[in-house]
Amino acid sequence: MAIGAGPSVSILYGMRDIEGTETDMRVHTANPLGAGVVSAGFIVYLQFAYATLLAAIQALTDSPITYFGATFTAVETAPPQYGGGEAENKGVFRFTNNQGRDSFAMAIPGLKASCLQPNGRDIDLTNSDVDAFILAMTTGTVLTVDANGKQLMTVLGGNAYKQHRSSSGGAGRATG
C-alpha cells in the first residue's frame, strides 16, 4: 500500500484577482517521478511549473492576481478493500511556530491506537512514528510554515490528542 501519483499528476491552481473574484483550474501533466526524478527534484519541478504558469497568466490579464495557489493530488495506487481504522478518530496535532504561539493544527484520520498514551486520549509524543511525523513537519525537506509565514517548531504536550469528529462534508477538518 503506497500513496503516489500515477502516470500523470493533477495540480489544482486557485487564483484570486484584485476584485476578489476566485477561479480554479486543474492541469494534468506527465508525472516526472515516472522519469526517475527524485522527490527533491519533483519539488523543484512543481516550483518551476508554478512560477512559469503564474507569469503566463499575469501576461494575459488586466486584473492583478492577488493570490495564486497550487494543490498537488496523489492517490492510493493499491488500496485495500477495507480500512482497519475509523477515519472519524482523528489525531489532532497543534503546532507552535518560531514565536512560541499555537499557530497550526492538523488532523490525521484513523489514528492508530499504538500512537496513544495509556489514557487513550493523548498522543504519545515519544512514539517513534509520531516523532517522525513531527520531524517531517518541522525539519523536513520543505520548510513548513503557518499561514503567517512563521516556521513550525514543535508540538507541545497537551496539544496532541485523539478527537472523534465526523468526516463527511468537510466537518472536523483542522485548519491552520
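Can you figure out the FRET efficiency of Tyr50 with Ala113, using R₀ = 41 Å and their beta-carbon distance, to the nearest 0.05?
According to the calculation, E is roughly 0.55.
What does the convex hull of the Cα atoms of segment 89-170 come to per residue, in Å³, rounded to a whole number?
Value for segment 89-170: 100 Å³ per residue.
Ranking Arg26, Arg16 by Cβ neighbours within 10 Å, fewest first, what do you get?
Going from least to most buried by this count: Arg26, Arg16.
Straight-line reach from Lys150: which aspartates and glutamates have Cα under 12 Å away, leaving out those fewer than 8 places along the same chain?
In chain and number order, the partners are Asp102.
Here, each number is a calculation from the coordinates, and none is a lab measurement. Worth saying up front: this structure is predicted, and the values here are computed from it rather than measured. Note: ideal-geometry Cβ built from the backbone for every residue, glycine included; neighbour counts use all protein chains shown.
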